[in-house]
Ligand SMILES: Nc1nc2c(c(=O)[nH]1)N[C@H]1C(S)=C(S)[C@@H](COP(=O)(O)OP(=O)(O)OC[C@H]3O[C@@H](n4cnc5c(=O)[nH]c(N)nc54)[C@H](O)[C@@H]3O)O[C@H]1N2
Ligand SMILES: Nc1nc2c(c(=O)[nH]1)N[C@H]1C(S)=C(S)[C@@H](COP(=O)(O)OP(=O)(O)OC[C@H]3O[C@@H](n4cnc5c(=O)[nH]c(N)nc54)[C@H](O)[C@@H]3O)O[C@H]1N2
Ligand code: SF4
Ligand SMILES: [Mo]
């Protein structure tokens, strides 16, 4: 019986708050922050407190569903898997696996099970091209990290607990709670920095983070790379460059100096909107503060010059000796390693070997194995050899989250087969032929995954499930994913030997650590960990930096030991890791990768471009999580959040009044939305949140559909990209805004 007190780590965002969940009469009675949690010490936000509502949501899918003649029917698991075989096998037989793709979404990043076993699906199914929100999120950072450090997930993390000057660009942790920056109570930490030092926010919007900072620098969207080049210019120009212990590991310093010479602050002032003297001062402040760090996030990635901006954030930290040192940009040391740290075959040395394949219709080049997610639409819609005929979605809602998602909505019915592993019947999954639901978050054990690579402390915490599954025979998501993997390789889903594939995966994971998987597996004979994600978690903990290495390091970490620490274990702050962290062949940091330098002429052309009258950027809200928490009634209270935020002057110039409905038009499309006027945004910039546009026929989202909002990605042009990475530029989109009906 679940009644009583449970400790559980919130799986919703990077803050990874430890929760204390009280269950009475089989229902969640209350959720509080767990003050004894070794990481979060009691912090929580309104979302974590509503996990009970997520679990008890009557709309949540609890049994598999198949669609026959347009009608949904709940079926048993065997029948559901048989149906998957019936629809997918003929596609593969007729068109080959090249006609099949998958889209795997954001919740993967938080789940040790979903992340790793989606890796099995993507890695072993043979699907040549798969999609994810990676290319509308952090792909520029993957690219710059691969090129600089030889590790596509080797991301620098700002050590905010120990810094005295924090410069935030294109992030709003007051809403997001930190991104590629996992920290407990990030705004509390920011308040602490202000007490001992200074916080500066560079953002076109005076966000809640900017309002709480010492200074707000309103920048023109998409010009951060030019701004940062000017900071680098000043560092060289004024002799402020200091390298510290990085010097022996640095390659490309002279090249960087040469390149930056052309980027004076005066040159970039008109385009960026930041006074040249302020740029020079920022360089001086960064260089003159022993513990300082510059941090850039999604506003710097999801933009026209995302790769250059992501790269230059690291360059500035390196040139001011705020790199791999306490208080600066450091590298995390997760207790359990994530599958993403495995290098891609052929890409180990950090060279720019991209374009190994191109998309069929648009000819978009592959970068680090991904192509722009917006290509999916044309690959489904365009007839011919290689046309996509089947799609598997795992925890994703691309109809709302990807550029021109409304077009995807139109073309998904063209597929011969669509299978969704998801918990809701939403804008995307309504097009599926089969929906295979996983367990609710509270029915699953939890340990984070990818996010631990961005955590300011090395932490480990294991949460056992709060509730037993309602149906004890339900397969968990990892098993569903293995069956779909087998199906892609020609075995009927219902007949797949789950244990054999799971063992094979385990052996591969062990092999990457220099271990013989079969031998290691024998150690688990006769204990509980006979397979599945917990056995893999045990492996990744034991072979991680604090692990017992199966006895080599007695007293080291194991899953069993972790389970004895319900408040988690905190192994402390980040530590310097150069040169061990580097995956480049020569063990050097490449400061000035040629592939990125090649993009500078495009940036230079941007400086000459006539300014846009109005551009659109994205924003987040604390009480939502991308597209999928809008069905949680307690989070939907209060005023409408799906609005266009606009500066009063811009509105007055267009005869627009507060609260009016306006028409917003870009080269991609047009929508109507209520406007919210403010002074807290740079004139010439408007903002909208993403993840809205509910209320579609055939969805089962009773709360969300009551306040549907509109899908901002109708306005995102699929070909507006950061060219080096193929990442979508969802910020800085030229738009016009008029009073609706005008
Ligand atoms: N509550 C909540 N938390 C979330 C999410 C959520 O939806 N809701 N989503 C999660 C996910 S998937 C992610 S990736 C993270 C993202 O986390 P953050 O990166 O913190 O994302 P945002 O809050 O959208 O903040 C991005 C900021 O970039 C600014 N910006 C836009 N364009 C530019 C530009 O050209 N230059 C500069 N300098 N700034 C610009 C925007 O005005 C905005 O303030 O949040 C995660 N956490
Ligand atoms: N304009 C604009 N667009 C954006 C962004 C932006 O800033 N601006 N941000 C982009 C970013 S950073 C991201 S990460 C993407 C997000 O893009 P997606 O990942 O496509 O979208 P989510 O809304 O996170 O969808 C999560 C899906 O997972 C399901 N789900 C939730 N929990 C579970 C679970 O435990 N198991 C399974 N199987 N399913 C589950 C939900 O029902 C939902 O269908 O959006 C991107 N789109
Ligand atoms: S900040 Fe909120 S959503 Fe994020 S982990 Fe904590 S409680 Fe969950
Ligand atoms: Mo994201």
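Order of 17, 642, 527 from fewest to most other C-beta atoms within 10 Å? Let's see the in-between values first.
Values: 17 27, 642 22, 527 10.
Least crowded to most crowded, the residues run 527, 642, 17.
Ignoring everything except DSSP H segments at least 4 long, calculate the 222 nm mean residue ellipticity for the chain; use -39,500 (n - 2.57) per segment, divide by total residues, nearest 500. Numbers along the way, then the final one.
Details: 24 runs with 214 residues, N = 742.
Taken over the chain, the calculation gives -8000 deg cm²/dmol.
Ratio of region 525-667's C-alpha Rg to 2.2 N^0.38 Å, to two decimals? Before the final figure, lay out each step's value.
Details: Rg = 26.7 Å, N = 143, 2.2 N^0.38 = 14.5 Å.
Normalised Cα radius of gyration, region 525-667: 1.84.
Rg and Dmax in Å for the chain, alpha carbons only: what are they?
My reading of the Cα-based Rg and Dmax gives 24.9, 74 Å.
Rank-order 624-633, 18-27 by packing density, defined as the average count of other C-beta atoms within 10 Å over each peptide's residues, highest first. Could the numbers behind the result be given before it?
Details: 624-633: 22.2, 18-27: 17.6.
My ranking of the peptides, most packed first, is 624-633, 18-27.
Could you tell me how many cubic angstrom of Cα convex hull volume region 245-287 has per residue?
Each residue corresponds to 84 Å³ of Cα convex hull volume.
Please report 543, 661, 163 as a ranked list, fewest other C-beta atoms within 10 angstrom at the top and most at the bottom.
On the way: 543 23, 661 13, 163 27.
Ordered from fewest to most neighbouring Cβ atoms within 10 Å, 543, 661, 163 come out as 661, 543, 163.
In µm²/s, what is D for region 634-712 at 4 °C and 1.567 mPa s, where D = kT/(6 pi eta Rh) by Stokes-Einstein and Rh is the Kirkwood radius from Cα pairs?
Rounded, D is 95 µm²/s.
Any chance you could list P(r) for region 294-354, counting all Cα-Cα pairs in 10 angstrom bins from zero, rounded to whole %?
Here the calculated profile for region 294-354 is 18, 32, 47, 4.
Compare the peptides 131-137, 241-247 by average per-residue count of other Cβ atoms within 10 angstrom and give them in order, highest first. Numbers along the way, then the final one.
Values: 131-137: 23.9, 241-247: 15.3.
Ranked by mean Cβ neighbours within 10 Å, highest first: 131-137, 241-247.
Taking 2.2 N^0.38 Å as the expected size of a compact globular protein, what ratio does the Cα radius of gyration of region 408-492 give against it, to two decimals?
Details: Rg = 16.5 Å, N = 85, 2.2 N^0.38 = 11.9 Å.
Compactness ratio reported: 1.38.
Could you bin all the Cα-Cα distances of region 4-56 into 10 Å bins starting at 0 and give me the percent of pairs in each, rounded to whole numbers?
Distribution as computed: 29, 57, 14, 0 percent.
Arrange the following residues from fewest to most other Cβ atoms within 10 Å of their Cβ: 13, 375.
Working: 13 20, 375 24.
Placing the least packed residue first, the sequence is 13, 375.
At each listed q (0.10, 0.17, 0.19 Å⁻¹), what is the log10 of I(q)/I(0) that the Debye formula gives for region 160-274 modelled as equal alpha-carbon point scatterers?
After summing over all Cα pairs, the log10 values are -0.37, -0.97, -1.09.
If you bin the C-alpha pair distances of region 260-326 every 5 Å from 0, what whole percents do you get?
Bins of 5 Å from zero give 3, 16, 21, 26, 24, 8, 2, 0 percent of pairs.
Every read-out reported here was derived from the displayed coordinates using simple, explicitly stated rules and does not represent laboratory data. Note that this is a predicted model, so its numbers are computed, not measured. Quick reminder, even Gly has a Cβ in these numbers, built from the backbone with ideal geometry, and neighbours come from all protein chains shown.
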